[in-house]
Every structure is written in structure tokens, then in C-alpha cells.
Amino acid sequence: MSKKTISLAAISLLVISGLLIAGCGPRRFFCATPEERAAMIVKKMTRDLDLTKEQVEKVNRIKDEILAKTKPIRDERESVHQQVRALITGAALDRNMVNRFISGREDKIRALKPFFVDKIVEFHALLTPEQRVRVAEKMDKFHNWCGKK
């Protein structure tokens, strides 16, 4: 191989490594705590929708209420992991065991439905018509992110 090819390969490797490290770092979205993810979402929303100071305060209040209301479910994460692990490693696994486990989780989540509906309506009410259009455009972008199927 020529020196030019080796240099290009080395630079490419460094760039790819840097991107992977930056993309998988502990502060990135998927590795962040729910509070950190919520803060990132509010920050991006503030920027993308040009929210006013009053709107940002209301969105932060909604975010805080959602985080507080969902904390009990998030606190069960380790317990849920252990329960799923026990189901998988057990000697027998049947449909009833899995259905009971899932139903218990669904009941807890279903109980939060009215709260989330209220927060969605509250968020919608604080947006201007132009901001609602931008939200719809973002939805379209994410909907088509991987191409239409």
C-alpha cells in the first residue's frame, strides 16, 4: 500500500473512532438519566420552536411534573430487570407467567394515561399556531427518518 492510502486509512480510523466515542459517551441521550434526557429535550425544543421565556417556564414545570409522576415506575427498573431475568432463567416459562408480568406493568402505566393526556393538552395550549406547525414538521421528519416503508 502506498503512504497516501495508509495515511488516509489512519485519518479515517481516527475520525470514525472519535465519532463513536463521542456518540456513545455517557452523557449522550440514551445513556443519560431521565432527568438529563428531559433537560436535553426541553433545550432542543426551546431552540427549535423559539419558545418564549414564559413558555420555557411552563414546559419546565410540565417536565418536572412528568418526572415526579413517573419516578415510582423508573425506581422499579432494577426490580423489573430481576423479575424478567428470573422468568427467563427459570426451569419453565409459560404464557400465563409472562401475561401476569406484563399485565402488572401495563396496569401501572395505564393508570398514568389521564395524567399524560392532560400534560399533552396543556403543552399544546401553550404553543402558538406557528409552533404547532413546527412540531408537526418535526413529527414528519422523525416519521420518515428511515424512509417510507
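When residues in the range 104-149 are screened for being basic (Lys, Arg) and closer than 25 Å to ARG61 by Cβ, 7 of them pass.
Can you tell me which residue among ARG74, ARG47 is without any contact (Cβ under 8 Å) to a residue 12 or more places away in the chain and of a type in the set (Lys, Arg)?
Values: ARG74 fails: without any contact (Cβ under 8 Å) to a residue 12 or more places away in the chain.
On inspection, the qualifying residue turns out to be ARG47.
A single entry from PHE101, PHE30 fulfils the requirement of being modelled with pLDDT under 90, of a type outside the set (Ser, Thr, Tyr) and under 19 Å from the mean Cα position of the chain (by Cα): PHE30. In the range 48-79, the qualifying residues are those that are over 19 Å from the mean Cα position of the chain (by Cα) and part of a helix (DSSP H, G or I), and the one that is modelled with the lowest pLDDT is SER79.
Test LYS138 against the stated conditions and say whether it is farther than 26 Å from LEU51 by Cβ, part of a helix (DSSP H, G or I), touching a residue at least 12 places away in the same chain (Cβ under 8 Å) and under 21 Å from the mean Cα position of the chain (by Cα).
So LYS138 fails the test.
The values are calculated or read from the model by the stated rules, or taken from the named source; none is laboratory data. Because the structure is a prediction, the values reported are computed rather than measured. Reconstructed Cβ throughout: ideal geometry from the backbone, glycine too, with neighbour counts over all protein chains shown.
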